[in-house]
Amino acid sequence: MRGNLVVVFLVSVAMAMVPGSTQLQASQTWSLLKIQQMLGYPAVLGHWHNYTDFCYGGDYKTTSAFVECYGDSVTQLHIIGGGSPAPSPPLPKTFSIDSFFTTLSRLPDLRVLTLTGLGLWGPLPGKVSRLAALEIVNVSGNYLYGELPLALSRLGNLQTFIADDNMLSGELPAWLGRLPVLAVLSLRNNSLEGTLPESVSDMASLRSLSLASNNLSGNLPDMSGAKNLQVIDLANNSLGPEFPRLGRKVASVVLAGNRFSDGLPPELASFYLLERLDVSRNRFVGPFMPALLSLPSIEYLSVAGNRFTGMLSGNMSCGDNLKFVDFSSNLLTGSLPTCLAGGGGGKKTDSESSKTVLFSANCLATGDDTQHPSPFCKNQAIAVGIVPDQARKKPNGAKSGLVAGVVAAAIASAVLAGVAIFLAVRKASMRRAQARPPRRLVEHASSAYPSKLFADARYISQTVKLGALGIPAYRSFSLVELEAATNDFEVSNMMGQDSHGQMYRGRLSNGTPVTIRSLKVKRSQTSQSFNRHIEMISKLRHRHLVSALGHCFEYNLDDSTVTQLYLVFEYVQNGNLRGRISQGTEGRKLTWVQRISTAIGVAKGIQFLHGGIIPGLFANNLKITNILLDQNLVAKIGSYNIPILSETMKSEGGSGNKYPSDSVPNGDKIDIFDFGVILLEVVSGRPITSIYEVEIMKEQLQSALTAEGPAKRRSFVDPAVSKGCSDESVKTVMEICLRCLAKEAVQRPSVEDVLWNLQFAAQVQDDWRGDSRSSEESPLSPSQIPRDSEDDQ
């Protein structure tokens, strides 16, 4: 009996001495359960309960969720949520990432933290620095946005930081170099921009750097100082043009999809530890380096999609570990090395050695139709400034004469073609001028103001077209007319009001429906002081704007100053664009053709606001609910940044706009971004009500565009129209939409670029439908899609 007691006593003492065998602190148990609650009780934490022994009871642990402890404290927390094909949606708006990290900070000994695919959203808070013991962090697959917080630099023990597939933005901070033991940094598929900081090159402990699929640009710093760097993945950015200097220990270099140019550095041939090299889809030129094939460790080599030249030969050698080679789409001649040869059709797979070789779109002597003829590669090499050795030799007299003759003939052909085009255009212009009576476009025009001349001509052209559409000419209204039109401004006719005044619907004596905007004028002014504004407002007339029809002044009878200004606009009574897209009922939703037509109309309206009047109107706060549709489903911009509205706000004691409409910094690109948001809803059919939703859907859009094949693109498109649109048309619209939503204003396209892409998408759709157009496209058939014709600009 006594012996048994001794055994029990010794076992108990041993258990007390084993770390992890004691009960978790109650406060930390509470924190874990609080985390479960804040995450919305996800399915992966379904086994967590009040009585769970997180440290010692192993029954609750799964591959997706588990806790590790040392003593009575948590040291590792792993929660892995939904991944592909269906990532977890964002947590509800009530979720607070700041509060979440406050709760995490109650686990002070936490060293390893994995929170992937859980729908976390918001900027990474500075409170992360409270977890001073952190060594490994993985927060991939969430919706984190904003810049990396400076507080991360205070995590002196951090060895691994992974935040792939989020929405992080801003530049990579220089303080990364302060993390003394950081070995793995992975921020793939975010929205980071700018250049890599020089401090990265001094990170002696860095072993893996993955920044693929961001918006990084410029040359890389000298990375040869990062002596332990083994993996560098910077694919799908805009880096370059200089190839980076790297240390000799690198095993994997992935630089695909960037802007590197010139040739590969010769020292690559001495990177004996290199296992993977991918420089595809860049702008490299010059001779291909055969030595890359025979590197002792090389397994994967891709140089596809460049302009490498040179002659391959059968006696070139290959490394024993080489498994994959892609030469596709270069300017290579000769024949495949014997160690790679075999197969056909631009692809070869050797089942014995498990080698895959791709080589289509070169000028190789393979005997199949995947290659260009040999002269093609030579001509292309000359065109990009890479002249083969034999072409660099000084030509003899006969050859010199031949070359000079060819050049002279080319120049003469170009001149004759230019003259022919000029004469054809001039002849067409003369025919158009004779077909219509001459009219005087501008009075008192000066050659010193060509942009004003252009804008005035455009305005007059629009006035003629609007008259043809039945929109009456701009005029001055009397107060009596407006009172009669609105039944004395009866409340039942009020459409709404804002800080500027009230909006009424009315009907003129001739039956024309109108919208009347009433603006209070606090400052004593005469009607003459408004002339500049009235002149500009009178030009707000375009097929794709809710056009101005006139104005009316209400006067103070004592001193004849203006007390009230009324602006009269056409009334558009077919609802807004959202009502036919994301909130449309079955049978009322616009088809794909109609959506492109609507987008083209909005873009043309923006183009007119920017350049059709002087000064232009910018930063117009464009929203899909302000895009109205008339009875023919023609889109009209219903609200724009009229300067008189901001001046009215100033007169009422408000601050008004910081800048005049025509001098808003990047005002044109602000409108392009807003148009991108509208286009995003038009394509997806999902209502967008916040910038947070824009960022999420932008990421989904980018993912759909980069996916292989059309399936994922179609899954992004509104199911109501996805079957009735061509993939090329959808892809074109999605690409221009993504460019409109670029974070940096300078990266957004011009409105002319937007128009060209949308019209191209419309044409592609029209061609795809061909003669088999179905009745579903009624009432607007593809042939009615607005083009740059005389009835719509």
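The values are calculated or read from the model by the stated rules, or taken from the named source; none is laboratory data. What you see is a predicted model; the values in this text were computed from it and never measured. Using ideal geometry, Cβ is built from the backbone for each residue, glycine included, and neighbour counts are taken over all protein chains shown. Just so you know, the surface numbers come from the protein's heavy atoms only, side chains and all, with ligands and any DNA or RNA stripped out. Shrake-Rupley method; radii C 1.70, N 1.55, O 1.52, S 1.80 Å.
One line per residue, one yes/no per condition, for (1) surrounded by 13 or more Cβ atoms within 10 Å (Cβ to Cβ); (2) in contact with a Phe, Trp or Tyr (Cβ under 9 Å, 6 or more places away or on another chain); (3) at pLDDT below 85:
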site: D498; (1), (2), (3): no, no, yes
site: R505; (1), (2), (3): yes, yes, no
site: G511; (1), (2), (3): no, no, no
site: I516; (1), (2), (3): yes, yes, no
site: K520; (1), (2), (3): yes, no, yes
site: Q525; (1), (2), (3): yes, no, yes
site: Q528; (1), (2), (3): no, no, yes
site: H533; (1), (2), (3): yes, no, yes
site: R541; (1), (2), (3): yes, yes, no
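Return a yes/no flag: does segment 261-284 have any residue that is farther than 21 Å from V231 by Cα, among the hydrophobic types (A, V, I, L, M, F, W, C) and touching a strand residue (DSSP E or B) at 6+ places or on another chain (Cβ under 9 Å).
yes
Tell me, please, whether a residue that is part of a loop (DSSP other than H, G, I, E, B), crowded, with 16+ Cβ neighbours inside 10 Å and either modelled with pLDDT of 90 or more or polar (S, T, N, Q) (or both) can be found in segment 341-351.
There is no residue in segment 341-351 that is part of a loop (DSSP other than H, G, I, E, B), crowded, with 16+ Cβ neighbours inside 10 Å and either modelled with pLDDT of 90 or more or polar (S, T, N, Q) (or both).
Yes or no: D766 surrounded by 15 or more Cβ atoms within 10 Å (Cβ to Cβ), at pLDDT below 90 and not aromatic (F, W, Y)?
When the stated conditions are applied, D766 passes them.
Would you confirm whether or not segment 63-78 contains a residue that is of a type in the set (F, W, Y), surrounded by 17 or more Cβ atoms within 10 Å (Cβ to Cβ), touching a residue at least 24 places away in the same chain (Cβ under 8 Å) and not in a loop (DSSP other than H, G, I, E, B)?
For segment 63-78, residues of a type in the set (F, W, Y), surrounded by 17 or more Cβ atoms within 10 Å (Cβ to Cβ), touching a residue at least 24 places away in the same chain (Cβ under 8 Å) and not in a loop (DSSP other than H, G, I, E, B): absent.
Cβ contacts < 8 Å: first residue at pLDDT below 85, restricted to segment 11-36; second residue surrounded by fewer than 12 Cβ atoms within 10 Å (Cβ to Cβ), any location; separation 6+ or different chain. Result?
That search, which allows pairs on different chains as well, returns S21/M15; T22/A16.
Give just the number: which of (1) more than 21 Å from A212 (Cβ to Cβ); (2) open to solvent by 50 Å² or more (accessible area, probe 1.4 Å); (3) assigned to a loop (DSSP other than H, G, I, E, B) does D98 not satisfy?
Answer for D98: the failing condition is (3).
Anything in segment 269-285 that is assigned to a strand (DSSP E or B) and open to solvent by less than 10 Å² (accessible area, probe 1.4 Å)? List them, or say none.
Within segment 269-285, L277, F284 meet the criteria.
Residue-wise test of (1) β-branched (V, I, T); (2) in a loop (DSSP other than H, G, I, E, B); (3) open to solvent by less than 10 Å² (accessible area, probe 1.4 Å).
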{"position": "K589", "(1), (2), (3)": "no, yes, no"}
{"position": "A603", "(1), (2), (3)": "no, no, yes"}
{"position": "I613", "(1), (2), (3)": "yes, yes, yes"}
{"position": "T625", "(1), (2), (3)": "yes, no, no"}
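Please verify whether segment 102-122 includes one or more residues that are closer than 30 Å to I696 by Cβ, open to solvent by 50 Å² or more (accessible area, probe 1.4 Å) and either of a type in the set (A, V, I, L, M) or without any contact (Cβ under 8 Å) to a residue 40 or more places away in the chain (or both).
Within segment 102-122, none of the residues are closer than 30 Å to I696 by Cβ, open to solvent by 50 Å² or more (accessible area, probe 1.4 Å) and either of a type in the set (A, V, I, L, M) or without any contact (Cβ under 8 Å) to a residue 40 or more places away in the chain (or both).
Conditions: (1) open to solvent by 20 Å² or more (accessible area, probe 1.4 Å); (2) in contact with a helix residue (DSSP H, G or I) (Cβ under 8 Å, 6 or more places away or on another chain). G156 meets all but one. Number of the miss?
Tallying (1) open to solvent by 20 Å² or more (accessible area, probe 1.4 Å); (2) in contact with a helix residue (DSSP H, G or I) (Cβ under 8 Å, 6 or more places away or on another chain), G156 fails exactly one: (2).
Which residue, of V231, V200, is open to solvent by 20 Å² or more (accessible area, probe 1.4 Å), touching a residue at least 24 places away in the same chain (Cβ under 8 Å) and among the β-branched types (V, I, T)?
Only one candidate passes the filter, namely V231.
Yes or no: segment 153-164 includes at least one residue that is out of contact with any Phe, Trp or Tyr (no Cβ under 8 Å at 6 or more places or on another chain) and within 16 Å of E695 (Cα to Cα).
Taking every residue of segment 153-164 in turn, at least one turns out to be out of contact with any Phe, Trp or Tyr (no Cβ under 8 Å at 6 or more places or on another chain) and within 16 Å of E695 (Cα to Cα).
Which members of segment 675-693 meet the condition of being assigned to a helix (DSSP H, G or I) and surrounded by 18 or more Cβ atoms within 10 Å (Cβ to Cβ)?
Hits for segment 675-693 are F675, G676, V677, I678, L679, L680, E681, V682, V683, S684.
On the basis of being closer than 15 Å to Y145 by Cβ, at pLDDT below 95 and under 33 Å from the mean Cα position of the chain (by Cα), does S96 make the cut?
Here the answer is yes, as S96 does meet what is asked.
If only one of P266, P296, P241 is surrounded by fewer than 16 Cβ atoms within 10 Å (Cβ to Cβ) and in contact with a Gly (Cβ under 6 Å, 6 or more places away or on another chain), which one is it?
P296
Going by what's in this entry, would F308 be described as more than 18 Å from P244 (Cβ to Cβ) and assigned to a strand (DSSP E or B)?
Yes, satisfied.
So which of P90, P125 ends up being in the same structural domain as T62 (by the TED database) and either open to solvent by 20 Å² or more (accessible area, probe 1.4 Å) or modelled with pLDDT of 95 or more (or both)?
P90
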